[in-house]
Amino acid sequence: MLTLETVTYRYAGAPRPSLFDVSVALRDGEVVGLAGPSEAGKTTLCLVASGLAPRTVGGTMSGRLLLDGEDVSARPMHELVGRIGIAFASPATQLTGVAGTVYEEVAFGPMNLGLPRSEVLERTGEALAALRIGHLAARDPVRLSGGQQQLVAIAGLLALRPAHLVLDEPTAQLDPAGSRMVAGALTDLAASGAGILVAEQKTDLLAAVCHRVLVVHEGRLVIDGPAVEVLHDPRMHELGVAPPSAARLARAAADRRLPRAVRERLAAAIAADAGRAGEAAGTGGRA
Amino acid sequence: MTSLAFEAVTFEYPSGIRALDGVDLAIEPGERVAIIGQNGSGKTTLVRHLNGLLRPSAGRVDIGGEDAAGLTVAALSRRVGLVFQDPDRQIFAGSVRSEVEFGPRNLGLRGSHLRAVADRALDVVGLAAERGTNPYDLGASRRKLLALASVLAMETPVLVLDEPTTGQDLRGVAIVRHVIEQASANGRTVIAISHDMDFVASAFARIVVMRQGQVVLDGAPASVFGSASWDALRSTYVEPPLAARIGAHLDLGSTPTDDALLSALASAGAEGLEPRTPEPRTPQTPQ
């Protein structure tokens with residue numbers, strides 16, 4: 001369990017805090033979405049929850065970050081590696097730059113944990129398979145497309161098998177199938193007991209994987225509830241967050257005053273589509 | 001007016017990876033074209049040929065009737081403005097104003113004319129109040145809009161945007177949409193790479209679909225997202241927008257946008273909405 005207790009955080013030199021009095025509990029096995037308009041504090045919350053701010057980023061924080069009840073502020077970052085992982089929106093920031101192949105890149109984390117060779121190989125193979133990028137293993141990470149790099153960066157994190165994972169727009173550069181694979185990998189990781197926090201503008205992705213969704217606005221946590229309720233909350237639109245496609249369509253149908261029978265037929269078709277997507281997520285993926 | 005043409009263009013990276021494989025594509029002045037396809041299908045490699053960042057291994061790129069091979073990057077940059085996916089690869093100046101002025105200054109603009117084009121570009125993306133701000137004090141989504149403004153300010157006849165909507169909230173997406181409409185209304189050619197299918201279907205008149213370095217579909221949204229194209233889309237891990245999937249499910253023909261679907265629903269009425277039997281194959285499980 002990862003807990004933020006009444007956290008207020010201000011970047012060095014900033015006139016005011018970027019987070020005000022935020023409390024969040026991320027339970028084991030839970031996927032929690034983080035939504036909000038641009039510059040509401042999503043990335044800052046990710047940095048604080050991962051322990052990077054203020055430890056590495058600087059700035060000042062009041063309140064506490066707890067891992068399984070322990071205040072970890074005094075622990076050095078390397079001791080937190082297996083306990084919290086973070087994925088940044090831009091894979092260029094994340095890749096080591098020292099690995100000559102995708103395989104070495106993904107193995108880099110577990111190698112540095114001092115694990116036995118056999119386990120490094122097992123974890124690397126498993127992470128590559130989870131995101132179906134085994135065919136890229138011999139490629140130079142620098143020569144991959146942005147989306148492929150994003151999958152490699154996330155595979156590198158999966159190989160660390162963190163107990164808590166924080167992801168800031170992990171699918172920004174991914175094609176729809178790539179996004180779905182990341183969604184599948186996150187669902188599997190959560191099922192193995194990890195707590196996952198994922199910030200995204202793509203609310204379709206949040207609708208697919210999250211149990212709960214938090215919404216931040218101007219540095220404050222303004223909504224916290226079950227994913228289905230929050231993503232259909234009319235306040236989301238007012239806050240400037242794009243609703244999931246299904247909610248957007250239903251709302252547009254209501255705005256157009258389509259007859260009730262037509263709207264019901266539309267709602268049934270949307271539900272049927274979600275059902276097919278669910279089946280596809282279970283079996284889908286790339287060769 | 002600048003027409004663009006790829007004639008049997010092939011591009012191989014030094015490692016032997018063939019990123020473009022015999023691409024033929026002609027784009028007329030003033031067209032609005034979206035390029036979609038799976039990660040690593042060659043989209044970014046393709047557009048980098050338009051401003052000389054990459055040169056073909058074989059074939060010819062024609063820019064406004066001239067072979068790009070004979071044009072310097074400086075000459076090409078007057079004709080084609082390219083906004084990168086990651087703004088941090090593009091931004092380097094100490095203030096928003098000097099960032100936006102850099103391009104037009106290098107094209108020879110000075111004084112009030114330079115100031116006017118920079119102001120106009122900043123206005124369009126909603127950053128007029130941030131002229132004196134350091135770009136790195138802006139959040140990621142506004143840095144992305146700044147990168148867009150700095151290319152807009154060059155007033156090139158061709159505008160190329162790589163993933164312009166990622167990380168943008170509703171307001172940001174609306175700004176990008178407005179920029180594209182305005183540029184198009186002024187007769188400029190707009191080409192965008194995107195994984196955002198709702199955006200692609202509603203903001204572009206023509207969609208080019210890539211797979212493994214080749215163009216596999218090329219047409220209007222209603223044709224590319226119509227159910228007859230779904231097998232080809234599935235082969236490159238693209239799925240049509242929800243509105244297109246629902247329209248096919250309800251046998252309403254091709255309805256690539258929410259508007260098209262709602263209009264078709266309104267004219268069909270409740271009695272005209274029986275799902276087609278057998279149900280169409282959905283493109284959600286790439287093989």
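Taken together, the values in this text are just the output of simple stated rules run on the coordinates, not laboratory data. These numbers were taken from a predicted model, which means no experiment stands behind them. Note that we place each Cβ from the backbone using ideal geometry, even for glycine, and neighbour counts take in every protein chain shown.
Just a few scattered comments:
- Counting only aspartates and glutamates at least 8 places from A:Lys42 when in the same chain, those with an alpha carbon closer than 13 Å to its own are A:Asp168, A:Glu169, A:Glu200, A:Glu218, B:Asp169.
- Taking all pairs of distinct alpha-carbon atoms in region A:96-248, Kirkwood radius in angstrom: 16.6
- With all pairs of separate Cα atoms included, the protein assembly as shown yields a Kirkwood hydrodynamic radius of 24.7 Å.
- Highest-first arrangement of A:64-77, A:89-102, where packing means the average Cβ count within 10 Å: A:89-102, A:64-77
- Of the peptides A:14-24, A:173-183, A:212-222, the ranking by mean beta-carbon count within 10 Å, highest at the top, reads A:173-183, A:212-222, A:14-24.
- Cα gyration tensor, chain A - rounded (a/c under 1.5), prolate or oblate: oblate
- Here the calculated FRET efficiency for B:Ala185 and B:Ala220, from their Cβ-Cβ distance with R0 = 22 Å, stands at 0.70, rounded to the nearest 0.05.
- Along each principal axis, Cα extent of region B:114-194, largest first, Å: 33, 30, 17
- Mean per-residue shielding of peptide A:144-157 is 3, counting Cβ atoms of other chains within 10 Å of each Cβ.
- The alpha carbon convex hull volume per residue for region A:1-58 rounds to 79 Å³.
- Low-density loop cleavage sites - chymotrypsin sites (Phe, Trp or Tyr not before Pro) in region B:188-259, where at most 12 other Cβ are within 10 Å (DSSP): none
- Grouping the Cα pair distances of region B:1-147 into 5 Å bins from zero gives a pair-distance distribution of 2, 8, 16, 18, 17, 15, 12, 8, 3, 0 percent in increasing distance order.
- Qualifying trypsin sites (Lys or Arg not before Pro) for region B:60-117 [loop in DSSP, other Cβ within 10 Å: at most 13]: B:Arg110
- The fraction of Cα-Cα pairs per 5 angstrom bin, counted from 0 for region A:171-287, comes to 2, 10, 18, 20, 20, 15, 9, 4, 1, 0 percent, rounded to whole percents.
- Of every Cα-Cα pair in chain B, the percent that sits beyond 33 Å: 27
- Per-residue shielding of B:138-145, expressed as the average number of other chain Cβ atoms within 10 Å of the residue Cβ, stands at 4.
- Placing +1 on the Cβ of every Lys and Arg and -1 on the Cβ of every Asp and Glu, with nothing else charged, gives chain B a dipole about its Cα centre of roughly 860 debye.
- Value of Rg to Rh for region B:162-276 (Rh from inverse mean 1/r over Cα pairs, i.e. Kirkwood): 1.00
- Taking every Cα-Cα distance in region B:83-155 and sorting them into 5 Å bins from zero, the calculated P(r) comes out as 3, 20, 33, 27, 12, 4, 0 percent.
- Global geometry of region B:162-215, whether rounded, prolate or oblate, following the gyration tensor of its Cα atoms and the 1.5 cut on a/c: oblate
- Helix-only CD estimate at 222 nm, as mean residue ellipticity for chain A, using -39500 (n - 2.57) per DSSP H run (n ≥ 4): -12500 deg cm²/dmol
- Cα-only radius of gyration and Dmax that characterise region A:122-175, units Å: 11.0, 31
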